[in-house]
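Working notes for the structure below.
The values are calculated or read from the model by the stated rules, or taken from the named source; none is laboratory data. These figures come from a predicted structure and were not determined experimentally. Virtual Cβ from ideal backbone geometry, glycine too; neighbours counted across all protein chains shown. Side chains included, ligands, DNA and RNA excluded: accessible areas come from the protein's heavy atoms. Shrake-Rupley method; radii C 1.70, N 1.55, O 1.52, S 1.80 Å.
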Amino acid sequence: MASRGPQRLPLGVDQRDPFKSVAQELQLVEETLERAISSREQALTDIAAHLIDGGGKRVRPMVTLMAHLALGGKSSQDIIDIATAIELIHTATLLHDDIIDCADIRRGKVSAYKKFGLKSTLVAGDFLFIKAFEFAGKFDETIVQWTADACTALTEGEILQGSFNRNSSVTLRDYIEIVTRKTASLFQTGCKVGAYLAGAKPAIVEEAERYGLNMGIAFQIVDDVLDVVGHADLLGKPTGMDLRDGNPSLPIILALEDSVVRETFEQSESEESRITCALESIKDGAAIEKAKDLSRKYAEAALNSIEKFPPSRHRTGLKTLVQLIIDRDF
């Protein structure tokens with residue numbers, strides 16, 4: 001089926017670079033990250049730096065910062081520390097994910113797992129989790145609990161996803177639950193904490209949380225689509241990895257009625273020609289357009305939440321980020 005091309009949200013979203021509105025704060029996060037990963041054991045620093053210096057977009061700390069500033073918060077060490085903690089947690093999960101997936105490539109270069117080995121990479125992931133709580137642990141009980149809840153959700157999401165590995169009984173509902181925990185939880189927590197530290201009213205903190213949740217789900221859906229139809233050089237990894245690894249991504253789930261897709265997904269080893277055939281079946285069916293439509297639904301929900309924020313360049317940045325997410329190169 002021919003692609004209709006990227007569909008724009010029916011909202012007047014400013015297309016200026018959202019990173020610019022928090023460029024100074026993001027630079028402080030970068031400097032804090034570099035200090036955070038310094039260890040007396042050089043191997044830990046090297047492994048952490050391999051990923052942290054490897055071209056990450058810093059979307060999670062960025063939304064944390066923008067939510068905080070959009071709601072009247074000031075640029076302070078507290079919000080820099082929370083944004084840093086969020087990125088450290090995210091980086092730790094990537095190290096552990098590469099071990100679980102036996103991944104060869106991450107962000108366009110050899111993964112830490114392949115370069116440094118399983119044992120050292122596993123310990124480095126633990127090291128980053130501990131470092132994250134050095135930053136988050138200084139805050140009040142509410143923030144510490146929210147951060148701990150996010151980490152719990154991440155681990156639960158990983159286990160839930162594993163239970164549906166190569167399992168064709170997986171449903172759309174299962175997928176949304178996995179993504180809510182495994183991907184959206186950090187966006188959700190960053191936005192919520194950012195709003196809370198800004199002194200926003202509870203109802204607005206809840207809207208910030210909903211923005212992070214829905215934006216995070218849209219973000220993951222687009223990632224899943226790009227794994228099928230994206231460009232390997234832009235993704236920094238080969239396409240079709242979800243199918244090869246048996247991960248229940250949205251396009252796969254939506255295409256499971258196709259026998260070629262279902263059988264390839266269920267088999268632990270398939271010839272490359274069969275994987276290629278299954279990917280073409282996904283592209284030719286309705287799954288990609290359905291997934292794009294669902295990403296737009298969640299993106300629109302995210303934008304509805306921040307309509308309740310006061311007008312500012314940071315609110316505009318949060319809007320623009322959502323548009324950029326769903327407009328990524330299909």
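What ranking do 37-43, 119-125 get when scored by the average of other Cβ atoms within 10 Å per residue, highest first?
Numbers: 37-43: 12.9, 119-125: 18.7.
Top to bottom by mean Cβ count within 10 Å: 119-125, 37-43.
Considering only the other residues whose Cβ falls under 15 Å of the Cβ of Glu156, what net charge follows from Lys and Arg at +1 and Asp and Glu at -1? Please list the in-between numbers first.
Numbers: positive: Arg181, Lys182; negative: Asp97, Asp149, Glu158, Asp174, Glu177.
Local net charge: -3.
In segment 115-195, carbon and sulfur make up what percent of the accessible area (probe 1.4 Å)? Working shown, then result.
On the way: 2020 of 3640 Å².
Of the solvent-accessible surface of segment 115-195, carbon and sulfur hold 56 percent.
So, how do all the Cα-to-Cα distances of the chain break down into 10 Å bins, in percent, from 0 on up?
In order of increasing distance, the bins hold 6, 26, 34, 24, 9, 1 percent.
Given a 1.4 Å probe and heavy atoms of the protein chains only, how would you sort Asp245, Asp284, Asp81, largest accessible area at the top? Show your work: numbers first, answer last.
On the way: Asp245 50, Asp284 95, Asp81 10 Å².
Correct descending sequence by accessible area is Asp284, Asp245, Asp81.
Could you name the lysines in cross-link range of Lys290, using Cα to Cα under 22 Å and dropping any fewer than eight places away on the same chain?
Leaving aside lysines fewer than 8 places away in the same chain, those within reach of Lys290 are Lys182.
Would you kindly work out the equivalent ellipsoid of segment 28-107 from its C-alpha gyration tensor and give its semi-axes, the square roots of five times the eigenvalues, largest first in whole Å? Walk me through the numbers before you get to the answer.
Values: eigenvalues 131, 47, 16 Å².
Calculated on Cα positions only, the semi-axes equal 26, 15, 9 Å.
Excluding Leu69 itself, what net charge comes from residues whose Cβ is under 12 Å from its Cβ, given Lys and Arg +1 and Asp and Glu -1? Walk me through the intermediate numbers first.
Details: positive: Lys74, Arg313, Arg315; negative: Glu25.
Combined, the nearby Lys, Arg, Asp and Glu give +2.
What does the highest-first list of 126-133, 201-208 look like by mean Cβ count within 10 Å? Walk me through the numbers before you get to the answer.
Details: 126-133: 19.5, 201-208: 17.4.
In descending order of packing, they fall as 126-133, 201-208.
Reachable lysines from Lys319, Cα under 16 Å, same-chain residues fewer than 8 places away excluded?
Of all the lysines, those that pass the test against Lys319 - Cα under 16 Å, at least 8 places apart if same chain - are Lys20, Lys297, Lys308.
Quick one: divide the alpha-carbon radius of gyration of segment 203-330 by 2.2 N^0.38 Å and tell me what you get. Mind showing how you got there, number by number?
Details: Rg = 16.9 Å, N = 128, 2.2 N^0.38 = 13.9 Å.
Rg over 2.2 N^0.38 Å, computed on Cα atoms: 1.21.
With a 1.4 Å probe and all protein chains kept in place, how do Asp224, Asp149 rank by accessible area, largest first? Please list the in-between numbers first.
Numbers: Asp224 10, Asp149 75 Å².
These residues rank, largest area first, as Asp149, Asp224.
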